[in-house]
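K.L.:
One structure, pasted below without further comment.
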Amino acid sequence: MATLELRNVNKTYGAGLPDTLKNIELSIKEGEFLILVGPSGCGKSTLMNCIAGLETITGGAIMIGDQDVSGMSPKDRDIAMVFQSYALYPTMSVRENIEFGLKIRKMPQADIDAEVARVAKLLQIEHLLNRKPGQLSGGQQQRVAMGRALARRPKIYLFDEPLSNLDAKLRVEMRTEMKLMHQRLKTTTVYVTHDQIEAMTLGDKVAVMKDGIIQQFGTPKEIYNDPANLFVASFIGSPPMNFVPMRLKRQNGDLVAVLDSGQARCELALGMNDAGLEDRDVILGLRPEQIVLAAGEGNGSSSIRAEVQVTEPTGPDTLVFVQLNDTKVCCRLAPDVAPQVGETLTLQFDPAKVLLFDAKTGERLGAVASLPAQGHADNVTQFKGR
């Protein structure tokens, strides 16, 4: 195991071209599971390739343990990587695929046999050892690719979207298997994905990326509850956070968010008195599960009556869509709630859960703690709940 630290890492593909990676600063401890998440083209796979040594960085340093590996070849970094395509040798058996890297390192055959037996048992592929990759399902091939990496016992494992080629059911199963595997091995791991569910369920730490910049770095809970900006808030969470444009007004000394459903109005007191936010265009953010069905007529200051436009029963809950401030808003209600389209519901809000974002910059309002500089004027700030 080893720590991993990225110090002001930059990557560009030529003079005059924009930076693909911009002043990346990250640090994870021994045995931690780091998720790099973001949309296609955000730079997460490029960053993974830089850690692996498949791409050269144009600035900064990559530290594995106390060693700067920035100029080292991939074979000297003591890492193992699992690709999206699995990259198995089609003419070799499963056993031979797993053995291949060990034989290249001239490990004694008895040790190779013991290592193959260990990873085969760990991944439950003992019965597949004599088959060829073409005889395996996608999930089985993924296990073999993982087994080839696990047999190395490197300092760091790198996974580049290893589950993206699997069907939805198998992806969920393999996600659980990967979590269990990491708990058993406790090896430092970096995992690239565009799937925010994978990010939330697998990672000890999550780095959300956009346009080559880390927008926010923290635990899954911090990323979900205290998103640094509109991008992070919209990318993390399924269904995504609701965003309602509005202007705040002052009432009895406090700032108030006015919500209008077309049937009723709600003046939601936010418990804030920041003069700089009065009469300013803001985006109110609220997670769907933070809008609940009110008991009776609800509390007039934090509830509103709204007409149901669409319902989506999902099994564990019911998604109900209404209009607030001419914006579609999703409410995540209990599974036994089955309102009809056109029915009027009384919905309750928790003012303590409301987040505010600047309508122009998208940055979170109410910052109390800053992230390390990432070298970009639009860099965001990390926030704690009020």
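The values are calculated or read from the model by the stated rules, or taken from the named source; none is laboratory data. The model shown is predicted, which means the values in this text are computed figures rather than measured ones. With ideal geometry, Cβ positions are generated from the backbone for all residues, glycine too; neighbour counts draw on all protein chains shown.
K.L.:
List every residue pair whose Cβ atoms sit under 9 Å apart, with the two residues 6 or more apart in sequence or on different chains, where the first one lies in region 1-15 and is farther than 21 Å from E32 by Cα and β-branched (V, I, T) and the second, anywhere, is modelled with pLDDT of 90 or more and not in a strand (DSSP E or B).
P.N.:
T12/T20; T12/T58
K.L.:
State the number of residues belonging to region 190-232 that are among the hydroxyl-bearing types (S, T, Y), buried (at least 19 other Cβ atoms within 10 Å of the Cβ) and not in a helix (DSSP H, G or I).
P.N.:
2
K.L.:
Please determine whether any residue of region 217-229 is farther than 25 Å from D317 by Cα and out of contact with any Lys or Arg (no Cβ under 8 Å at 6 or more places or on another chain).
P.N.:
no
K.L.:
Please specify each residue of region 105-131 satisfying the condition of being touching a residue at least 12 places away in the same chain (Cβ under 8 Å) and either among the small types (G, A, S) or not in a helix (DSSP H, G or I) (or both).
P.N.:
A120, Q124, I125, L129, N130, R131
K.L.:
Just to be sure I understand, how many residues within region 259-283 are part of a strand (DSSP E or B) and touching a residue at least 60 places away in the same chain (Cβ under 8 Å)?
P.N.:
Qualifying residue count for the region: 8.
K.L.:
Return a yes/no flag: does region 170-184 have any residue that is out of contact with any Leu (no Cβ under 8 Å at 6 or more places or on another chain), surrounded by fewer than 21 Cβ atoms within 10 Å (Cβ to Cβ), in the same structural domain as Y89 (by TED's automatic domain parsing) and in a loop (DSSP other than H, G, I, E, B).
P.N.:
no
K.L.:
Let me ask something additional. Looking at (1) closer than 21 Å to D167 by Cα; (2) in a helix (DSSP H, G or I); (3) at pLDDT below 90; (4) not aliphatic (A, V, I, L, M), find the lone condition where G134 falls short.
P.N.:
Going through (1) closer than 21 Å to D167 by Cα; (2) in a helix (DSSP H, G or I); (3) at pLDDT below 90; (4) not aliphatic (A, V, I, L, M) one by one, G134 breaks only (3).
K.L.:
Also: Return the pairs, sorted by first residue and then second, in which the second residue is in a helix (DSSP H, G or I) and surrounded by fewer than 23 Cβ atoms within 10 Å (Cβ to Cβ), the first residue lies in region 219-230 and is on the phi < 0 side of the Ramachandran plot, the beta carbons are less than 7 Å apart, and the residues are 6+ apart or on different chains.
P.N.:
Sorted first by the residue in region 219-230, then by its partner, the pairs are P220/M200; Y224/M200.
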